[in-house]
Structure formats: structure tokens, C-alpha cells
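For reference, the structure discussed in these notes is given below.
The values are calculated or read from the model by the stated rules, or taken from the named source; none is laboratory data. None of the values given here were measured: they were computed from a predicted structure. Here the Cβ is made from the backbone with ideal geometry for all residues, glycine too, and neighbour counts use every protein chain on show. Note: accessible area is taken over every heavy atom of the protein model, side chains too, but ligands, DNA and RNA are not part of it. Shrake-Rupley method; radii C 1.70, N 1.55, O 1.52, S 1.80 Å.
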Number of protein chains: 2
Amino acid sequence: MSGRVLVVGLGPGDERHRTPAAEDALREARHLVGYGPYLARIALRDGQTAHASGNREELDRAHHALQLAAEGETVALVSSGDAGVFAMAATLFEALEAGRAADVEITVVPGVTAMIAAAARTGAPLGHDFCAISLSDNLKPWETVLGRVRAAAEADFVMALYNPISKARPWQLGKVLDAVRERRAPDTPVVFATAVSRPDEEIVVTPLSEARPEMADMRTLVIVGSSETRCIPRGAGGVWVYTPRKAPVPA
Amino acid sequence: MSGRVLVVGLGPGDERHRTPAAEDALREARHLVGYGPYLARIALRDGQTAHASGNREELDRAHHALQLAAEGETVALVSSGDAGVFAMAATLFEALEAGRAADVEITVVPGVTAMIAAAARTGAPLGHDFCAISLSDNLKPWETVLGRVRAAAEADFVMALYNPISKARPWQLGKVLDAVRERRAPDTPVVFATAVSRPDEEIVVTPLSEARPEMADMRTLVIVGSSETRCIPRGAGGVWVYTPRKAPVPA
């Protein structure tokens, strides 16, 4: 008898942003497989087993989920945010293609990814054409990261930057901000949205000229505005950041 | 007394992909303002009033929501998917900046946007760097649309194409597919995901060489793979589409 893998995104943090479909999947699974801090966000039910792993062990984790399912188990493979955006869904299909588990039913359950939650908290910075780029060069060449940032800046996309910084990757964000500064005005709004919808949430909006890598940590999603992205005063103080739907005729 | 505007994304269709925070906002509002077919997806409660408008009247709709809130009302301004992605949140801030309503509390509630739902149904095509581009040239020059598509294709982003086609914009998608074909291999996977999570859902995966505008309608989200996006057999028949986390070293 073959089992199932339910690939589940928990949303950004607050359970109020987790969909009923995701909650159902978490309830249905007998095994929960994921990065330890994400599993810690789930209240285990009787009969459920949690299998926590480190954050650099994605492929092993995916193989483990497939193996349990091949034994007939129902497994939730858990990510933060949405599982399909820089998270476990792609890894699961990599493991599936590598072929160690065969006839397993797979369901990917969509969720609210970090850039969507960060955008909602700050206004509507993703209101017009945008890119999502992971700054991690663990699995792709640094030149590819930088090339995409440059292309996105030149084509005037808003950019959502995932995995901006970590202990193992301390300098990448600074290089990216420098590359953007060569192509965007100094007053372009940049959003550093950390731990969105969690108790320690912190949102910083700063002009590109003053954006510094130290404003981000591993829990931060960075949004760099396009040439059209604007700040307007917020009633309660601070600013709203939004990108109008309208784009000007190029010069 | 000033009121509130809650900018709410309903998710892609199935209520199981609508967050509790969105449900709460819909319950709390006394006035629901939105495009008619979206409002039709909400069960009105006693004392709630629905204000439906046509799909080209976004700015008027946003002004209406602000005006009701300025009169002290609690208003849900409703979008499909996520309100922040090619939807009403940006329009609301445009209206706010135009200044017809002043001291109103605004909350943007994040949701599951169409590309996230479409990606989950087909595997993990957005598993690596991607762009979201609206093909509508109602508010931006066509050259800007095409320039962004070309830039995204050259930098090897996956592309999620919103608003691919309509009666008023029948030829744009064909031009975009032609522009991509000049820069991507003929076997690049293209996903046409229509009415995702609704009873009439239809998913078509086709190689770029065979992608045709007729495969899309107003309810379709199109995903064009990068050079790395792959198809693998699905147990139940058909294919999974995914983009690996790894990118090759450029030649």
C-alpha cells in the first residue's frame, strides 16, 4: 500500500494566515517532517510523530518523507510560508526524480509566502511587476544571483529578496544593494520585513541610499522598490509603501 | 469617528485556501466592496451590504471604500487571490494618495495569490527565481510589458503571467510567447492554469513550441519555465512541473 506526502506551507507565522487546507493536512498526517523551528510551530496531536532536521538537510528530509510514504504512511512535509517558493516542494520533486521512492501520492498545499505577508504589512509594494530572487549562492553561482538582480533592476521590476543574509553568507546582500544602487535612484524605498506576523515582527522602510545589510537577518524578507514605488504617510505614523498599477512611457 | 478599510484577498477560489484572517475581515465588515463576481463568492451576513462594481472601475471602487470608511464604516475591499498582487491594495493607496479621504485606518490582509495556487497544483514551477508580470497594457505601455518579458527570459527567470488575455486584449499573449520562444528552448514547459481550485479547474502543461494563446482565458494564470524547469511523470498520469533549486554555472 502506498502512502501520501502532503507538502504544506505554514504561512508566515501567525496561524491566522495559515489556510484551512494546510491545517487539514497537518491534522491528517501521521508524520510531520521538517526543519526543527518550523515543526515547533505545530501542536502535535496524539499518534503524530515529528521528525525534525537541520536547515541544510533539505534533500535528506525530502527522501525521508518519500520513504515513509512508500511504507504506507501519510506524511506532512512542512515549510514556512508557501512550500512552493524557495522551500520544500521543489526539493521533494528533486528527490522524487532521483527515484528512491516510486508510487507515492503527492499533494502540494499552497500557503501565504513571506513576500506576500511582508507586502501586506507595508502597503502594496508588489502591486506591479516584480521578481522573487533568492540571494543564497549555496546551489547557484553567485554570478547568476547578481546577473538576475541587475536584469531585474534594469527592467524596473520590484524585487523581493529571499534568504538575504546568514552567518555563512554575510556579504551577499551588501553586493546586491550596491548593484541596485548603480541602477535605481537613492530615494527608492527599501523594506526590511523581519519575522512578519510574529511577536517580534520588525518592519523598517528606508531609502536605498541608507539601506544596510545589518538591517536584515535570516528571518528578513527584503523588498526593493521599482522607480515607481512610492511612500505616503500612514495615519498612525510611519509610511505606506506601494507600487502604482500605472507605468510611465519610457523616455 | 473614522472607520476602517480591510483590504482582503479571497484566495484562488476554494474556501479551503482562504485564511482565517481573511474570513474574520469579511465577517467584521459592514460593507463589502468589490468586483461583482468576487462578491458573489461571499455569503452575506445579516446587516452586511454588498457594493458590486464592474472590473474596469477599480479606482472608483477604492474611492468608494475610503468614503464609506471616512463616514465611520468598516469596509472590506475585496480581491480574488491576494489583494497585493495586481489587485485592489495598490489601487486603494492610489486613491488614498489622491487625497479624497483622510483619516481612515487601513489593514491589508494577505492571501494566496493565483500563481502560488497554480504552482501548487502543478508541482513546484516557482521553486526558483521567478517574475510576476501583468500582460495588461491598459495602464502601462506595451513596450514596457514586452521589455520586462525579454529581460526575464534573458536572465532565465521563471515567469508567472497575470491577466494574459481578454476580449479587449486578444493579441498580447501571442506576442509574449513569441518573444519567449526567441530566448528559450522549444521544450520549455508552459503551464496554463485556469480557475484553479474551482469546480471548472483546468490545467494544461505544454512545451513552449506548442503553447497557444487560445489555451488561456481571463481566468488563466500562465507559468513559463526557466531553462532548468523540468517535467517528471506523475503517478496518476500527467506530469509534475518543477524548477530545481540548483542553477548551473553559466557557459
*Cα long-axis angle, helix A:172-181 against chain A (0 to 90 degrees, to the nearest 10)*: 40
_Only bridges whose two residues both fall in the protein assembly as shown count here: according to DSSP, what percent of them are antiparallel, nearest 5?_
45
*Measuring with a 1.4 Å probe in the full set of protein chains, what accessible area per residue, in whole Å², belongs to the protein assembly as shown?*
39
*Enter the Cα centre distance for the pair the stretch B:31-46 and the stretch A:46-99, rounded to the nearest angstrom.*
38
*Shortest-first distances to equivalent copies, position residue B:67, nm, label 7 Å out along Cβ*: 6.5
*Using the 7 Å Cα-to-Cβ label point, sort the distances from residue A:2 to its equivalents in the other copies shortest first and give them in nm to one decimal.*
5.7
*Residue-wise HN-Hα coupling along the stretch A:191-197, computed from phi with Karplus coefficients 6.51, -1.76, 1.60 (Hz; x: Gly, Pro)*: 10, 10, 10, 10, 6, 4, 6
*asked:* Whole-Hz ³J(HN,Hα) for each residue in the stretch B:235-244, computed from phi via Karplus 6.51 cos²θ - 1.76 cosθ + 1.60 with θ = phi - 60°, x for glycine and proline: what do you get?
replied: x, 7, x, x, 10, 8, 10, 8, 10, x
*Around residue A:239, which amide H atoms from residues at least 5 apart in sequence, or from another chain, sit under 5 Å from its own amide H, with H modelled in the peptide plane?*
A:234
_Percent of beta bridges antiparallel (DSSP, the stretch A:115-242, rounded to nearest 5)_ = 75
*Classify the protein assembly as shown as rounded, prolate or oblate from the Cα gyration tensor: take a ≥ b ≥ c as the square roots of its eigenvalues, call it rounded if a/c is under 1.5, otherwise prolate when a/b beats b/c and oblate if not.*
rounded
*Just the accessible area for residue B:16, please: 1.4 Å probe, Å², rounded to the nearest 10?*
110
*When only alpha-carbon atoms count, how far does the stretch B:110-251 stretch along each of its three principal axes, as whole angstroms with the largest first?*
45, 41, 34
_Where B meets A: accessible area buried, both sides, 1.4 Å probe, Å²_ = 5700
_Environment charge of residue B:86, counting only residues whose C-beta is closer than 12 Å and scoring Lys/Arg +1, Asp/Glu -1_ = -1
*Report, to the nearest 10°, how far helix B:58-70 tilts away from the longest principal axis of the Cα atoms in chain B, using its own Cα long axis and a range of 0 to 90°.*
30
*Report, for residue B:107, each distance to the same residue's label point in the other copies, shortest first and in nm; define the point 7 Å along Cα→Cβ.*
3.0
*Which of the aspartates and glutamates could be linked to residue A:167 by a straight reach, that is with a Cα gap under 15 Å, when you skip same-chain ones fewer than 8 residues away?*
A:137, A:214, A:217
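Let me know the mean shielding of B:143-155 by other chains, meaning the per-residue number of their Cβ atoms within 10 Å of its Cβ.
Per-residue shielding by partner chains comes out at 5.
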*Per 5 Å bin, what is the whole-percent P(r) computed from every C-alpha pair distance within chain A?*
1, 6, 13, 16, 17, 14, 12, 9, 6, 4, 1, 0, 0
*Under 11 Å from the Cβ of residue B:196, count the other residues' Cβ atoms, weight Lys and Arg +1, Asp and Glu -1, and hand me the total.*
-1
*Ignore the peptide's own chain and count Cβ atoms of other chains within 10 Å of each Cβ in A:73-82; give me the average, rounded.*
1
*Per-residue mean of other chain beta-carbon atoms within 10 angstrom of the beta-carbon, peptide B:21-27?*
2
*Quick one: with all protein chains in place, what share of the accessible area of chain B is carbon or sulfur, to the nearest percent (1.4 Å probe)?*
49
